[in-house]
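See below for the structure under consideration.
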Amino acid sequence: MQQTAISSQTGFAHLTDLPCIKLQYGTASAVISLYGAQLLSYQPAPGKELLWLSPKAQWHNQAAIRGGVPVCWPWFGPAGAVFNPTQEALPNHGLVRNRLWQLIQQHTGATAASVTLMTELDKLPYYSGSVKLQLCLTLTDSLSIALSCSSPIPQQAALHSYFATADIAKVAVRPLPHSYYDKVSDSMQQNSSKVAQITSETDRIYPDSAAQLRVDSDNLQLALTQSGHDATVVWNPWQAKSEAIADLAADSYRQFICVETARLDSAGKALALSQQIKAL
Ligand code: TA6
């Protein structure tokens with residue numbers, strides 16, 4: 001039996017005034033920000049950080065925090081026509097990364113610690129009713145993030161995880177489908193192997209990806225289990241984009257790989273998307 005605990009804390013890393021919640025399960029811990037319901041830290045053992053947070057991340061002035069596990073909802077990337085009938089200027093990756101979510105449930109037991117955060121939107125650019133989105137974080141000998149919305153509205157979503165690596169050149173993500181949409185060249189591509197390795201700017205959408213993935217590098221051996229998804233996104237901005245993006249340092253691209261569990265089908269139906277992270 002492990003000791004479990006949940007506590008509030010103000011601040012994480014250099015984001016000293018950020019409202020956060022810390023979960024503990026034995027010697028494992030996780031920290032989630034109420035701003036964006038964004039997981040910022042997962043340490044399966046003390047000092048073994050699996051997530052990456054940008055040294056230039058900020059959360060004031062409506063900024064989305066760069067790093068951890070941002071929640072993209074109700075659209076992924078720029079808002080497509082379904083989500084933006086009046087062609088407004090709408091933010092990339094949706095509307096919930098820069099809102100304060102509410103803690104609505106917490107539980108500590110012998111086998112897990114968990115919290116549920118909720119945000120309610122009174123209206124969306126394409127839907128006038130009120131919609132609730134929940135994120136449940138469960139820490140046990142792995143960490144699960146489950147995002148759900150029971151309203152049958154058009155919605156896309158992604159758990160946009162930034163995993164920390166000591167060396168991007170040694171990262172391998174597998175097994176991935178041979179075929180993927182390459183956002184860098186705006187074309188479908190075929191990879192002869194089922195492994196993604198990062199040697200230049202990478203922004204790939206792999207439709208129909210498996211429920212179980214591995215992410216490996218020098219310091220990182222992870223098993224990811226995903227459900228409710230229809231795609232996995234693999235992103236690294238590489239050097240030029242790292243220099244161009246205000247909240248990344250010039251060499252940040254060497255330090256993380258994004259492996260994202262995504263639902264891109266925008267059909268009007270409920271959402272239940274999850275990513276489980278387990279250190280091997
Ligand atoms: O998931 C990959 C991606 O959509 C990229 O195209 C890239 O722009 C990235 O996310 C970061 O987006 P952000 O809005 O956080 O700057």
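The values are calculated or read from the model by the stated rules, or taken from the named source; none is laboratory data. Only a predicted model underlies this, so the values are computations on that prediction, with no experimental measurement involved. Cβ coordinates were reconstructed from backbone atoms using ideal geometry, including for glycine residues, and neighbour counts include every protein chain displayed.
For the range 69-103, a tally of residues being more than 10 Å from the ligand (Cβ to nearest atom), touching a helix residue (DSSP H, G or I) at 6+ places or on another chain (Cβ under 9 Å) and closer than 14 Å to Ile153 by Cβ returns 2.
Every residue, every condition in (1) hydroxyl-bearing (Ser, Thr, Tyr); (2) farther than 23 Å from Phe256 by Cα; (3) in a helix (DSSP H, G or I); (4) more than 16 Å from the ligand (Cβ to nearest atom), yes or no:
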position	(1), (2), (3), (4)
Leu135	no, yes, no, yes
Ala158	no, no, no, no
Gln189	no, yes, no, no
Tyr206	yes, no, no, no
Gln221	no, no, no, yes
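Within the option set Ala146, Ala113, Ala157, being at pLDDT 95 or above, surrounded by 20 or more Cβ atoms within 10 Å (Cβ to Cβ) and under 15 Å from the mean Cα position of the chain (by Cα) holds for one residue only, Ala157. Checking each residue in the range 46-68 for being closer than 30 Å to Asp218 by Cβ and either of a type in the set (D, E, K, R) or within 12 Å of the ligand (Cβ to nearest atom) (or both) picks out Lys48, Glu49, Ser54, Lys56, Ala57, Ala64, Ile65, Arg66, Gly67, Gly68.
Of all the listed residues (Ser242, Ser200, Ser266), the sole one being over 27 Å from Phe83 (Cα atoms), away from the ligand (no atom under 14 Å from the Cβ), of a type outside the set (Val, Ile, Thr) and not in a strand (DSSP E or B) is Ser200. Here the condition is being away from the ligand (no atom under 15 Å from the Cβ), assigned to a strand (DSSP E or B) and surrounded by 15 or more Cβ atoms within 10 Å (Cβ to Cβ); of Thr225, Thr232, it holds for Thr225 alone.
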